[in-house]
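This report refers to the structure that appears directly beneath it.
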Amino acid sequence: MEPLRHTSVVRFGAYEVSLQSGEVRKAGLRIRVQQQPMKLLEILLERPGEVVTREELRSRVWADESFGDFDQAVNIAIAKLRSALGDSADNPRFIETLPKRGYRFIADVSVVDADARPKRSEFAAGDLPATEPGDKLQGAGLAVAPKRRLWPALRVIVALALVLGLPILAVWLFRSRGRAPTGIRSLAVLPLDNLSGDASQNYFADGMTDELITDLAQISALRVISRTSVMVYKGARKPLPQIARELNVDAVVEGTVLRSGEQVRITAQLIEASTDKHLWSQSYEGELRDTLALQNRVARTIADQIRINLTPQEQAALKNVKVVNPEAYESYLKGRYFWNKRTANGLKVALAYFNQAIEEDPKYAQAYSGLADTYALLGDWEYGVLAPKEAYPRAKAAASKALELDDTLSEAHASLASLGMFDWDWQSAGKEFRRAIELNPGYATAHQWYAWNLNLLGRQSDAIAEMRKAESLDPLSLIISADMADVLFVARLYDESIQQSRKTLEMDPNFAVARFELGQVYLEKHMHNEAVAQLQKAVQLSEGNPTFIANLARAYFASGKRSEAVKLLSDLKKRSNPSYSNASEIAVIYASLGDTDQAMNWLEKAYAERFNPGVLLRPGFDPLRSDSRFQNLVHRIGLPG
């Protein structure tokens, strides 16, 4: 049988591998295999049925690289290759592990020639002969030139060049091997793979991803992409350079988590994004209660590898080893898993898990922080599960307890700040937001919420800049992108707001908030039909959000459909109850109808319910701004006139 050629296509099972393009297809569909696993596959396919030693893999795949742990680099690459091929280490169909020796490709294969004439004769693994270097070159279509004698003068010149150049080359290689890249100032931690084989443990791997992001995000000189954006790539088969371009980062961290009982193993590797080049890998093992310490070690090592200068505060934060109650930690991770779903039902489940974590460890600060975040969202207009007067005091109590136990928790400071806005204590809220950002510069939500604090104080340009920062940290977050459109809308930058909303809808055309943002801008630009269409869609997608209904009523009125507007107003009033009356939404409809007295009556009711006064910044209330009663209300809330 002739040797494999560089232009060959190799088939095994349902897979085809093009040795020329480095593509792998399954049943005709291309699947993603990263650079190093692809190299391993090519090497194994050269000699199916034969053992390929780990030493050979190192010499051919990682010859020019230095490692913290080479064995783990091989393990990770093989694991990713098996994952791409749907293979199993315990019951292999393709790649067999020979402990302490290496690996062997055990499937039957066939070769298709470059001229697309298939050579379908099947042969058993092991029938493909090994090739000598010269055979490989000839098989790839390259002629091997016969040895010729160099002219004597040329031989002297070459020898002299080698004598002079080799020492310089040696010094350069010596220095460069130990030097990590200095151009890495942004990175993304891709979702860590769950190697337990148990899908119910996905929450644990996701939690480990969160913790590592949080640790690295504390480094002010490093831009770390937030959880929301990286989770989009969970299970994705995109090439790393493409992911890096989409997230605009210099490097990525990827790895695996294996939990067995009370033991945890975390593996991580750092990859230069533009070249898909492996820079570092390491494995860490410990007990479940030591998981946070393991994460800190990973973060410190990555910071060292990319030569980031840490401030004394950052050094102390990464050395702050915390031991957690395993049961409470597991409940906390489950709580965060459901909290991150950002649905009403998910928040209810998260609430139960955070309370359970607190029962298991009453001194667990992060559990109280999670509880605060959950109550804050449960009382927010986007979810409306609890009335603000019921939700926010509970959230504030939980955030205060978290900071009493650990005042270095950025998330708790951000939660307390957002609740300070509920108390209309704008200065204290701003102070807490700045403290949250100081503790964790990469916490996108803190920047997002701080933008609204600045907006309420009339600092619109600062608010836009802060929201841009949040967007750079979490570029695929739908709510941050939509909030960016809202900040631009409040600043009356309507065309920019439209462009931003369209950008959000490109990510998810069914995101109700983005439809709402676009609809309200169309309304102000007197594009009434377009406004009605977008707001109808927002109401439908949100299953009747009161804010969206109120603005649809305004759009109906502006387009001459007064009866439809009045009907929606009546429906909202019927939905009112003693704990939550939708008062500010009803007020903005009356403002559009020109009924100033009714609008002010409902705003006073909203004031008594401690509504979110950010709504007053919107153009819908412009008809009331010259009214002394409206000015008095704004003054009582503490906002600039």
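FYI, it's all coordinate maths here, none of it is from the lab. Note that the coordinates shown come from a computational prediction; the quantities given were computed from them, not determined experimentally. All Cβ positions, glycine included, derive from the backbone under ideal geometry; neighbour counts span all protein chains shown.
Here are some notes:
- An oblate overall shape is assigned to the range 186-317, the ratio a/c of its alpha-carbon gyration tensor axes (a ≥ b ≥ c) being 1.5 or greater and a/b not exceeding b/c.
- Sorted by Cβ density within 10 Å, fewest first, the residues D304, D198, D193: D198, D304, D193
- Shape of the range 552-641, Cα gyration tensor, a/c cut at 1.5: oblate
- Couplings 3J(HN,Hα) for the range 214-231, derived from phi with the Karplus relation 6.51 cos²θ - 1.76 cosθ + 1.60 (θ = phi - 60°), are 4, 4, 6, 5, 6, 7, 5, 7, 10, 8, 10, 5, 6, 4, 4, 6, 6, 5 Hz, where x marks Gly and Pro.
- Long-range amide H partners of I31 with built H, under 5 Å: V24, R25, K26
- Computed from point charges on the beta carbon alone (+1 for Lys and Arg, -1 for Asp and Glu), the dipole magnitude for the range 186-317 about its Cα centre is near 300 Debye.
- Taking amide H as placed 1.01 Å from N in the peptide plane, V109 has its amide H under 5 Å from the amide H of F123, A125, each at least 5 places away in sequence or on another chain.
- Distance from the C-alpha centroid of the range 472-494 to that of the range 19-44: 39 Å, rounded to the whole angstrom.
- Cross-link pairs K341/K503; K341/K401; K396/K605; K469/K503; K234/K363; K234/K469 - those with Cα-Cα distance over 28 Å: K234/K363
- Among 212-221, 554-563, the order from most to least packed when residues are scored by Cβ within 10 Å on average: 212-221, 554-563
- Normalised by 2.2 N^0.38 Å, where N is the number of residues, the alpha-carbon radius of gyration of the range 324-406 equals 1.00.
- 5 angstrom amide H check on V385, placed H, neighbours 5+ away: D380
- Counted by Cβ distance under 11 Å from L617, the other residues give a net charge of +1, where Lys and Arg count +1 and Asp and Glu count -1.
- Selection from G207, G286, I302, by position along the positive dipole direction of the range 186-317 (Cβ): I302
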